[in-house]
Amino acid sequence: MTGTARLLGIDPGLRFTGWGVIDSTGNRLTWIAGGVIDTDAELPVPDRLRTLHEGLLELIERYSPDEAAVEETYVNRNGSSTLKLGYARGIALLAPALAGLTVSEYGAMAVKRAVTGTGAATKEQVGMMVRRLLPGATIRKADASDALAVAICHAHHRTSRQRVLSGQRLA
């Protein structure tokens, strides 16, 4: 396995969509950028979704990722909130797919496990490990940290998958 892959991690949300870009070379991870696309809660949902779509397309154009990964939606008690999160997640899946990127999806527990070693980690523990795994990363919001965690999870799964396909031993 050779070469570097640039990975875009996305933590979808209608109010705040976190994003993070890392380079992955084997087991080595390098922070490139991260941030949040925020939408105006006063705007109608279609306008907010357009803001998310345009923001993601701009990031894809600026950072030229090779692949993208999106956190799966969890269902909560508030049906309206879950539906709105689903809208944002749809945009988070569609924008990179339209740009020709392979898009992978990971559940919250898989992301936490990949970054901290346990699926029951707190948001603070995930943030601490993201900073440790990506020295020099500038992270201003938890949503950006979560998106970087998604990218890290994808990097780990991608590396393992490539090793299995090439016949290398994982241990």
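Below is a table of values for the structure above.
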| quantity | calculated |
| --- | --- |
| Any hit, region 26-38, residues being surrounded by 22 or more Cβ atoms within 10 Å (Cβ to Cβ), under 15 Å from Leu101 (Cβ atoms) and modelled with pLDDT of 95 or more | no |
| Answer from Ala110, Ala114 - the residue that is buried (at least 19 other Cβ atoms within 10 Å of the Cβ), of a type outside the set (D, E, K, R), in contact (Cβ under 8 Å) with a residue 40 or more places away in the chain and over 22 Å from Arg15 (Cβ atoms) | Ala114 |
| Residue among Glu54, Glu58, Glu72, Glu42 that alone is surrounded by fewer than 19 Cβ atoms within 10 Å (Cβ to Cβ) and under 12 Å from the mean Cα position of the chain (by Cα) | Glu72 |
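The values are calculated or read from the model by the stated rules, or taken from the named source; none is laboratory data. What you see is a predicted model; the values in this text were computed from it and never measured. Reconstructed Cβ throughout: ideal geometry from the backbone, glycine too, with neighbour counts over all protein chains shown.
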